[in-house]
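What follows is a single structure, written as structure tokens, with notes after it.
The values are calculated or read from the model by the stated rules, or taken from the named source; none is laboratory data. Remember, predicted model here, so these are calculated numbers, not experimental data. FYI the Cβ positions are ideal-geometry reconstructions off the backbone, even for glycines, and counts take in every protein chain you see.
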Amino acid sequence: MPTAVELHNVTRVYKMGDEILKALDGINLAIKPGEFVAITGPSGSGKSTLANIIGGLDVANSGSVMVDGLDLAAAHDKELSRYRNHTIGFVFQSFNLQPTATALENVMMPLVLGRLPRGQRRARAEACLKAVGLGERMKHKPTELSGGQRQRVAIARALANQPSIIIADEPTGNLDSERGKEIMALLHDLNKQGITLIIITHDQEIAKMADRILYIKDGRMTERRG
Amino acid sequence: MGLLDLILTALRNLRRQKLRSALTIFAVVIGATSVTIMLALVTGAKDFFFKQFSANGTLQQIAISSQTDLSKFDDGNNGGNNCDSCIKLTDALAAKVAAVPHVTGVARRLGAGAFEAITYGGQKLRLNQIEGYDANGILSNTLLAGRDISATDQDGVITVTSDYADKWGFKGKYGDLVGKSVDLTSRTWYQGVGFTPATPAPPQPGQNNQQQPQQQPTVLKATIVGVTDGGDHGETVRAPLSWVIAMNEQQMYQMTDADRKLNEAEQQAACRNHGPGPCNPPATQHYTLVVTNFVDQNGYSAFTAKVDDPVHAAAATAAIKRLGVGAADAQSLIQSQLRIFNIISYVLGGIGAISLAVAAIGVINTMVMAILERTREIGVLRACGATRATIRRLFTIEAGLLGFLGGVIGVSCGYGLTIVANIIINRQLTGQSIKASNIIGLPLWLIAAVVGTTTVIGMLAGLYPAFRAARLNPVEALRYE
């Protein structure tokens with residue numbers, strides 16, 4: 001069954017010296033399997049923190065984050081890591097590819113971490129690269145690829161372990177509008193195939209493509225239908 | 001992440017920073033090379049001496065000398081000792097040593113230093129001394145031809161070492177030398193067996209009547225019964241102990257009390273029939289040939305005792321020391337032989353330890369730098385599902401690989417240097433006519449120990465950076481510029 005995400009009264013607090021910064025303040029949220037959710041809001045509003053908590057990179061101070069019966073707020077490092085490896089695929093604004101490794105090696109990385117048997121890794125990574133339209137560029141290093149192609153490699157890497165959720169933080173932020181549209185089309189396509197898609201964006205055009213738009217300001221969330 | 005993947009990833013990461021990795025490894029290489037050579041040298045030398053000594057039974061032998069200070073091993077070639085505080089090595093003492101538990105026998109040793117040349121077929125060669133010892137099987141020599149000195153041998157029988165035979169042209173046909181007669185030429189002051197002392201001349205006016213006329217060297221005839229291997233101890237002539245004792249004799253005409261009385265009586269008898277006036281009879285002088293022996297005065301040069309089993313050598317040595325003499329078993333002999341190797345190894349060991357310490361700091365530095373450079377990458381790895389433990393292992397293994405590679409290259413360099421060292425040592429030993437080749441070995445355990453140690457040092461040095469890497473907050477790591 002595809003994953004549903006449920007947040008109850010989630011609070012995330014950062015201490016900056018004596019000052020206490022409430023990045024998230026009592027967030028309640030339910031995301032249905034296969035949903036396309038856009039998170040928007042001004043810089044420093046807490047939208048990345050929300051995405052990171054859903055993705056298991058950050059941990060809430062209070063409240064619960066339930067995914068597939070696992071409470072991420074109370075999970076151990078090993079459980080969170082396994083969750084990130086198997087359930088989540090991250091796509092970053094700056095691609096975050098390994099510059100000295102080929103596209104194929106970059107995509108194989110989560111498979112290595114997930115201990116997929118050696119013999120299956122290559123085939124899986126190749127399939128992912130073909131799925132994002134880079135079947136001809138597997139042996140290229142990121143420096144030999146354009147921005148759009150690099151983000152495709154990053155998406156292929158996110159897809160490698162067949163996640164049920166993709167979290168993309170400003171995936172088009174470093175791309176020109178044409179490439180941005182292509183990447184969004186690719187992500188949207190994946191969403192249509194059943195993957196839950198959570199996108200953090202400033203771009204209203206992109207937000208409008210989502211089923212739901214979550215607007216965050218000063219750690220509090222308001223919601224409107226896309 | 002499996003171990004193989006961790007190692008492969010770590011290797012790839014090291015390759016990314018070739019120069020830095022190479023420099024860090026280089027420091028490890030210096031340390032590993034020094035340590036390898038040190039260990040190879042010491043173990044090789046110990047092995048060599050041990051083998052040599054166990055082969056010729058030396059491990060069962062105890063060297064006994066009258067000197068209680070055995071800081072210098074006395075192998076019995078230094079002649080009788082003149083030492084007031086020393087205990088004389090007498091026959092009675094030999095019996096006491098033989099009675100010590102586990103001692104199966106004692107060989108008395110004596111040198112005759114009064115001979116300076118050995119001549120065969122007109123070819124005169126330098127002679128240091130003639131060695132004698134009890135032919136009871138405790139001391140033995142490697143025979144190349146003929147036989148060794150036996151217990152029943154009397155005067156006029158010797159064995160010579162092969163280097164003499166070589167110089168006389170018998171190289172490769174030592175058997176031909178057996179049965180040949182040689183001349184042993186003494187120094188002029190020799191008064192032992194074979195020397196015919198001149199009857200003292202009547203005293204000349206104004207001359208000390210003890211003064212002996214200038215002597216001629218004595219020449220002793222000897223038959224060669226065997227040729228022994230000069231490899232261990234060259235330029236040596238061995239003779240039956242009884243003959244060597246006789247060579248230490250001192251034959252001298254002395255005026256004894258009886259002679260003095262006889263002289264006086266003869267003088268009085270000559271004067272009895274003399275008329276008034278001063279009586280100056282012809283100086284009739286009676287002398288007696290007195291034979292004394294250095295051995296009685298100074299004892300033997302040394303004893304060699306034999307124990308039933310090498311394991312009892314130390315206990316027997318201690319027991320013999322309680323008799324008041326100096327005693328040393330082969331262990332202390334090996335130790336004294338190893339001294340030069342030990343000094344070299346301490347120097348190399350010091351260099352090795354210091355460079356390994358510096359190398360460890362280098363590894364820490366390299367890894368801390370790597371973590372700073374790869375902070376974002378660590379964030380990506382964590383986002384893709386790497387646990388803290390995986391990150392820690394990855395960096396620990398990376399540091400361990402620096403140590404491992406340094407160790408492997410260091411051992412290889414050390415191996416190359418041992419080959420060079422062996423060539424030099426072989427040449428040196430051949431020069432001293434010691435048969436030995438490739439003393440310094442590189443046993444497998446040594447290779448494993450050195451590589452293992454450098455790997456562990458690398459991993460230990462990598463622990464702190466690895467913990468730091470593992471503790472990184474993934475969110476902050478991803479944001480790191």
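Quick look at the numbers
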read-out: Sole residue being in contact with a Lys or Arg (Cβ under 8 Å, 6 or more places away or on another chain) and surrounded by 15 or more Cβ atoms within 10 Å (Cβ to Cβ), chosen from A:ILE216, A:ILE166, A:ILE206; value: A:ILE216
read-out: Residue count, the range B:119-128 (criterion: buried (at least 16 other Cβ atoms within 10 Å of the Cβ) and touching a Lys or Arg at 6+ places or on another chain (Cβ under 8 Å)); value: 2
read-out: The listed residue being surrounded by 22 or more Cβ atoms within 10 Å (Cβ to Cβ), part of a strand (DSSP E or B), out of contact with any Phe, Trp or Tyr (no Cβ under 8 Å at 6 or more places or on another chain) and not hydrophobic (A, V, I, L, M, F, W, C), out of B:GLU131, B:GLU116; value: B:GLU131
read-out: Selection within the range B:390-418 - more than 14 Å from every other protein chain (Cβ to nearest Cβ), among the hydroxyl-bearing types (Ser, Thr, Tyr) and touching a residue at least 60 places away in the same chain (Cβ under 8 Å); value: B:THR396, B:TYR415, B:THR418
read-out: Failed condition for B:THR387, given (1) more than 14 Å from every other protein chain (Cβ to nearest Cβ); (2) surrounded by 18 or more Cβ atoms within 10 Å (Cβ to Cβ); (3) free of Cβ contacts under 8 Å to residues at least 24 places away in the same chain; (4) of a type outside the set (A, V, I, L, M, F, W, C); value: (1)
read-out: Verdict on A:ALA75 being at pLDDT 90 or above and within 26 Å of A:LYS22 (Cβ to Cβ); value: yes
read-out: Residue in the range B:291-305 that is loosely packed, with under 15 Cβ neighbours inside 10 Å, out of contact with any Ser or Thr (no Cβ under 8 Å at 6 or more places or on another chain) and hydrophobic (A, V, I, L, M, F, W, C) present; value: yes
read-out: Only one of A:ILE183, A:ILE198 that is assigned to a strand (DSSP E or B), more than 13 Å from every other protein chain (Cβ to nearest Cβ), out of contact with any His (no Cβ under 8 Å at 6 or more places or on another chain) and hydrophobic (A, V, I, L, M, F, W, C); value: A:ILE198
read-out: Evaluation of A:GLN98 against (1) away from every other protein chain (no Cβ under 14 Å); (2) under 20 Å from the mean Cα position of the chain (by Cα) (one fails), failing number; value: (1)
read-out: Answer from B:ILE351, B:ILE440 - the residue that is in contact with a Ser or Thr (Cβ under 8 Å, 6 or more places away or on another chain) and not in a helix (DSSP H, G or I); value: B:ILE440
read-out: Filter result (polar (S, T, N, Q), buried (at least 19 other Cβ atoms within 10 Å of the Cβ) and within 9 Å of chain B (Cβ to nearest Cβ)) within the range A:52-95; value: A:ASN52, A:SER81, A:ASN85
read-out: Some residue of the range A:59-69 being free of Cβ contacts under 8 Å to residues at least 60 places away in the same chain and charged (D, E, K, R); value: no
read-out: Enumeration of residues in the range B:249-302 that are assigned to a loop (DSSP other than H, G, I, E, B) and in contact with a Leu (Cβ under 6 Å, 6 or more places away or on another chain); value: B:HIS286, B:TYR300, B:SER301
read-out: Filtered residue count, the range A:2-27, keeping only those that are exposed (fewer than 12 other Cβ atoms within 10 Å of the Cβ) and on the phi < 0 side of the Ramachandran plot; value: 5
read-out: Unique match (being away from chain B (no Cβ under 14 Å) and among the small types (Gly, Ala, Ser)) among A:GLY147, A:GLY114, A:GLY119; value: A:GLY147
read-out: Test: B:ARG393 is farther than 30 Å from B:MET38 by Cα and surrounded by 15 or more Cβ atoms within 10 Å (Cβ to Cβ); value: yes
read-out: Hits in the range A:142-163 (condition: surrounded by fewer than 24 Cβ atoms within 10 Å (Cβ to Cβ) and under 19 Å from A:ILE206 (Cα atoms)); value: A:GLY147, A:GLY148
read-out: Pick from the range A:106-146, criterion charged (D, E, K, R) and in contact (Cβ under 8 Å) with a residue 12 or more places away in the chain, ranking: nearest to B:LEU3 (Cα to Cα); value: A:ARG121
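Per-residue answers, yes or no, for (1) more than 14 Å from chain A (Cβ to nearest Cβ); (2) over 19 Å from the mean Cα position of the chain (by Cα); (3) outside any helix (DSSP H, G or I):
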| site | (1), (2), (3) |
| --- | --- |
| B:ALA313 | yes, no, no |
| B:THR317 | yes, no, no |
| B:ALA328 | yes, no, yes |
| B:ILE344 | yes, no, no |
| B:VAL347 | yes, yes, no |
| B:ASN365 | yes, yes, no |
| B:VAL368 | yes, yes, no |
| B:ILE371 | yes, yes, no |
| B:GLY379 | no, yes, no |
